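Down below is the structure, laid out as structure tokens.
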2 protein chains.
Amino acid sequence: MLIHDGLILTMGDQPRVLPHHSIGVVDGLITFIRPAEEVNLEGWDEVMDGRGMAVMPGFINCHTHAAMSLMRGFADDLPLKEWLENFIWPSEAAFMNRKNVALGTRLALLEMIAAGTVMFADMYFFEDEVALACQQAGMRVLLGEGILDFKTPHFPNPDDAIAFALELASHYSNDPLIKVALAPHAVYTVSPSTLKKIAKLSADYHLPVHIHLAETRQEVEDCQKSFGVHPIDHLSNVGLLNDKLIAAHMVHVPSEYYSRLREAGVRIAHNHSANLKLASGFAPIPDYLKEKIITGLGTDGPASNNNLAIPIEWRHSSLVSKMMTGNPEAINAFEALYMATTGGARVLGVSDIIGSLEPGKAADIILISLNKPHLQPIYNIYSTLAYSMHPTDVDTVIINGRIVMRRRQMLTLDTEKILAEVNQVERQIAHYFHLNNSRNGKK
Amino acid sequence: MLIHDGLILTMGDQPRVLPHHSIGVVDGLITFIRPAEEVNLEGWDEVMDGRGMAVMPGFINCHTHAAMSLMRGFADDLPLKEWLENFIWPSEAAFMNRKNVALGTRLALLEMIAAGTVMFADMYFFEDEVALACQQAGMRVLLGEGILDFKTPHFPNPDDAIAFALELASHYSNDPLIKVALAPHAVYTVSPSTLKKIAKLSADYHLPVHIHLAETRQEVEDCQKSFGVHPIDHLSNVGLLNDKLIAAHMVHVPSEYYSRLREAGVRIAHNHSANLKLASGFAPIPDYLKEKIITGLGTDGPASNNNLAIPIEWRHSSLVSKMMTGNPEAINAFEALYMATTGGARVLGVSDIIGSLEPGKAADIILISLNKPHLQPIYNIYSTLAYSMHPTDVDTVIINGRIVMRRRQMLTLDTEKILAEVNQVERQIAHYFHLNNSRNGKK
């Protein structure tokens, strides 16, 4: 495949923009990036017109619960406790079976691909279904079967969930798209002994560990009460504060931890919208970037965002950071896009494969259509994308050399069929929660 | 025209959702809203299919500088002083002539209509050109010729600008779409004597007064130094603190002013993204809503946002309000949409005409396409629109009974021609500011 004559943003550690360049792709890998005029157009299976397009690495969603898309917007504007206890947990118990996880994940995949995402880190249940959905969609994923001390929709106890994660890791060890993490839910839902076990398995099997960390003030206070330390120290004590740790949220982190986080190689998944929507707080992302702590973006689950679109996250995060620090230079346009691509790839441990465009890396490439009123004029392509683009400006998505969306048409999933099935589940959930008319807008 | 069988959100002061209802439009006015099954489909010039659509009042942008779209993104991530002095002011002096204001306004109109806006309050120069562009586009506008103590691109002194505004008001006094305000720029750019003159003319001619107010800490401090009072007291002293005042920004407002603002009937235009992007601060919108102060949404100019999309503003503002107050109920989904419609109409003084759907009001109606993965399932239509919709979900826009966008096709403006002209101006501005390659992404 040849992507011909686009405005290429290679990403990587430094800004690099190549106008009128072409990218050659063979067997799923980028083979060259050259000035368009030097490229021979003959002999390719497919030549994709890059004119009027920004061409860049696809976006990486470092933390989500994809199947929760089925619960999008059914319990908004509520305090966390009421949200969890009266809505999310009961609905998970009643509805989040294998079949609905398969469906909800497909709904999420439609949305993620449409917004340019090429890989996501999931944390949920029935992750074998998530794997199958991603294989069908052609999406990269880091699977995270949720490990909790109590019963989950999938397993009665944490040991069974851990054993299942190891099975998944073994089963997909050579898969080009699917990787596996150990995913203990949080320090308040997983005991120290289970966390220690996970730390050992992570080292033995070279598996990343994906956890919610320092998300709310409550979590920090409870950890202090139960274990006498901040959640970060608690993870250190159980052997998890290392370069395999993917720490989602990291909102309540005193600055004295920064150097330890950097030195340990901890990776942070920042979930801006969810932190705001649940009023958890402001994560000090400008500090993390300044301190060179590995940082990427996540959307969290669609029930607490309520989107899976990375472009919304970076714009929002950048603007709030400017306001909170009083510094309009906080998280500049390049840094915003960096977190969504190269930074995210480092967080998920795949920066040797994706996250920037260069020969030898996988062809995880998106084309963004620029000839639209809200994107013109263009003085600085990073600013245009960081502050003006809508998720729907993503035109074409290529993952591992396979076109999964072309000119906004999904090629791997059946949108109509999925939406029809989602509509049926919507009726069931609305009925269960006595939302008499599911679209009534009461509240 | 008949809009048939949609999911209707009337807006107004209370949530009201009418599934499977139809709206009759005759001579630009809404004549009825009835259950779809009771409506006769015969005899209409046009029957618009509302199935799978949310049907609601169009959005109102209470503060912008539309023509500054030509400067979108050419100077981001900079401190306000550097942004203004090295980029915005020099570019206005060099490029914001009559021709480019006409062009930039048309570019902005394309973007605003595409995101569902049906009326905006402008504050810029050559507002006669803005009026012509709006007439062509079929857009409602509140014109605001900028009044400053010093020379503007249009006039050498404030008296000429004031005289021109009065001429515009007289000329358009019976226009269905075009209204006129007096638009003194700010307390730091317009002298007390000019402000007093404007106060008298506002009363004599029943004209709203549109001004930047309490935007930055610097403004408040300088006003204290120059006049010994907060900018709100300063406006009170010159006779402007009344129900004709449209106060844009209102970021730095101590709570002791709230009751005075409510009692005076002051209207607030909240510009969320710009306040954050320029690090001006957080406007206490949850307080304004609780205190029943009239509040709507604006985008500010595209050079400091960098969008003109109201759906981005409400989502962002609601989420940041939850975080800043620690209260996930702050600015709920209905309130967010209220500010964008009914609230905005009250801010611009047109709530007798637009801002809610009811018989007798003007047909300023938008259709939002709901059958998309990122908008499904729907448990509460307010949540769906407030937190999940993208600006591009707006499918059709009707202003005063005229269809200006249908199925995302612009019907009144020539997109290609406008973008081609914008591209030429982009080259000139990039050359002037030595952005060697205008799309190079340096910074």
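Residues that are within 22 Å of residue B:112 (Cβ to Cβ), touching a Ser or Thr at 6+ places or on another chain (Cβ under 9 Å) and assigned by TED's automatic domain parsing to the domain that holds residue B:46: does region B:378-387 have at least one? Yes, there is a match, as at least one residue in region B:378-387 is within 22 Å of residue B:112 (Cβ to Cβ), touching a Ser or Thr at 6+ places or on another chain (Cβ under 9 Å) and assigned by TED's automatic domain parsing to the domain that holds residue B:46.
Only a single criterion out of (1) of a type outside the set (A, V, I, L, M); (2) at pLDDT 95 or above; (3) buried (at least 23 other Cβ atoms within 10 Å of the Cβ) is not satisfied by residue A:441, namely (2).
Scanning region B:251-265 for residues that are touching a helix residue (DSSP H, G or I) at 6+ places or on another chain (Cβ under 8 Å) and assigned to a loop (DSSP other than H, G, I, E, B) yields B:251, B:252, B:253. If you go through region A:346-383 and pick out every residue that is outside any strand (DSSP E or B) and either in contact (Cβ under 8 Å) with a residue 40 or more places away in the chain or among the aromatic types (Phe, Trp, Tyr) (or both), you end up with 22. Only residues that are of a type in the set (Gly, Ala, Ser), under 23 Å from residue A:317 (Cβ atoms) and surrounded by fewer than 23 Cβ atoms within 10 Å (Cβ to Cβ) were counted across region A:368-396, and they come to 0. Only a single criterion out of (1) part of a loop (DSSP other than H, G, I, E, B); (2) surrounded by fewer than 24 Cβ atoms within 10 Å (Cβ to Cβ) is not satisfied by residue B:194, namely (1).
Identify, please: which residue in region B:261-278 is among the hydrophobic types (A, V, I, L, M, F, W, C) and within 14 Å of chain A (Cβ to nearest Cβ) and is, among those, most open to solvent (accessible area, probe 1.4 Å)? That would be B:278. Contact annotation: residue pairs with Cβ atoms under 7 Å, 6 or more positions apart or on different chains, pairing a residue in region A:2-24 that is away from chain B (no Cβ under 13 Å) with a partner that is aromatic (Phe, Trp, Tyr), are A:2/A:44; A:24/A:32. Which ones in region A:382-393 are under 23 Å from residue B:106 (Cβ atoms), in contact with a Leu (Cβ under 7 Å, 6 or more places away or on another chain) and facing chain B (nearest Cβ under 7 Å)? Once the filter is applied, which keeps residues that are under 23 Å from residue B:106 (Cβ atoms), in contact with a Leu (Cβ under 7 Å, 6 or more places away or on another chain) and facing chain B (nearest Cβ under 7 Å), region A:382-393 yields A:384, A:388.
For region B:315-324, the criterion of being more than 7 Å from every other protein chain (Cβ to nearest Cβ) and touching a residue at least 60 places away in the same chain (Cβ under 8 Å) is met by at least one residue. Look at (1) within 14 Å of chain B (Cβ to nearest Cβ); (2) hydroxyl-bearing (Ser, Thr, Tyr); (3) part of a helix (DSSP H, G or I) and you find that residue A:236 fails only one, number (1). Only a single item in (1) in contact with a Leu (Cβ under 8 Å, 6 or more places away or on another chain); (2) under 26 Å from residue A:412 (Cβ atoms); (3) small (Gly, Ala, Ser) is not met by residue A:199, and it is number (2). Taken over region B:7-29, the criterion of being within 26 Å of the chain's Cα centre (by Cα) and in a strand (DSSP E or B) is satisfied by B:7, B:8, B:9, B:17, B:23, B:25, B:29. Of everything in region B:284-313 that is part of a helix (DSSP H, G or I) and open to solvent by 10 Å² or more (accessible area, probe 1.4 Å), the residue that is nearest to residue B:329 (Cα to Cα) is B:286. The requirement of being touching a Pro at 6+ places or on another chain (Cβ under 6 Å) and among the aromatic types (Phe, Trp, Tyr) is fulfilled nowhere in region A:34-47; no residue meets it.
Right, residue B:430: outside any loop (DSSP other than H, G, I, E, B), at the interface with chain A (Cβ under 8 Å from one of its Cβ atoms) and more than 22 Å from residue A:390 (Cβ to Cβ) or not? Judged against the criteria, residue B:430 is a match.
Considering region A:228-259, the residues that are closer than 24 Å to residue A:350 by Cβ and of a type outside the set (A, V, I, L, M) include one that is surrounded by the fewest Cβ atoms within 10 Å (Cβ to Cβ), namely A:243.
With respect to the numbered conditions (1) on the phi > 0 side of the Ramachandran plot; (2) open to solvent by 10 Å² or more (accessible area, probe 1.4 Å); (3) more than 14 Å from chain A (Cβ to nearest Cβ); (4) not β-branched (Val, Ile, Thr), which one is the sole condition not fulfilled by residue B:351? Evaluating residue B:351 over (1) on the phi > 0 side of the Ramachandran plot; (2) open to solvent by 10 Å² or more (accessible area, probe 1.4 Å); (3) more than 14 Å from chain A (Cβ to nearest Cβ); (4) not β-branched (Val, Ile, Thr) leaves (1) as the failure.
Only one of the numbered conditions (1) within 11 Å of another protein chain (Cβ to nearest Cβ); (2) in a helix (DSSP H, G or I) is violated by residue A:281, and that is (2). Does residue A:178 satisfy being modelled with pLDDT of 95 or more, touching a Lys or Arg at 6+ places or on another chain (Cβ under 8 Å) and not aromatic (Phe, Trp, Tyr)? It is true that residue A:178 is modelled with pLDDT of 95 or more, touching a Lys or Arg at 6+ places or on another chain (Cβ under 8 Å) and not aromatic (Phe, Trp, Tyr). Checked against (1) polar (S, T, N, Q); (2) assigned to a strand (DSSP E or B); (3) facing chain A (nearest Cβ under 10 Å), residue B:396 passes all but a single condition, namely (3). Can you say whether residue B:319 is at pLDDT 95 or above, in contact with a helix residue (DSSP H, G or I) (Cβ under 6 Å, 6 or more places away or on another chain) and under 23 Å from residue B:77 (Cα atoms), as far as the supplied structure shows? So residue B:319 fits the description; yes. Checking residue A:326 against (1) modelled with pLDDT under 95; (2) open to solvent by less than 10 Å² (accessible area, probe 1.4 Å); (3) of a type in the set (Gly, Ala, Ser), which test does it fail? Here residue A:326 clears every test but (2).
The values are calculated or read from the model by the stated rules, or taken from the named source; none is laboratory data. Please read these numbers as outputs of a predicted model, since none were measured by experiment. Heads up, the Cβs are rebuilt from the backbone with ideal geometry, glycines too, and the neighbour counts pull from every protein chain shown. The accessibility values were calculated without ligands, DNA or RNA, using every heavy atom of the protein model including side chains. Shrake-Rupley method; radii C 1.70, N 1.55, O 1.52, S 1.80 Å.
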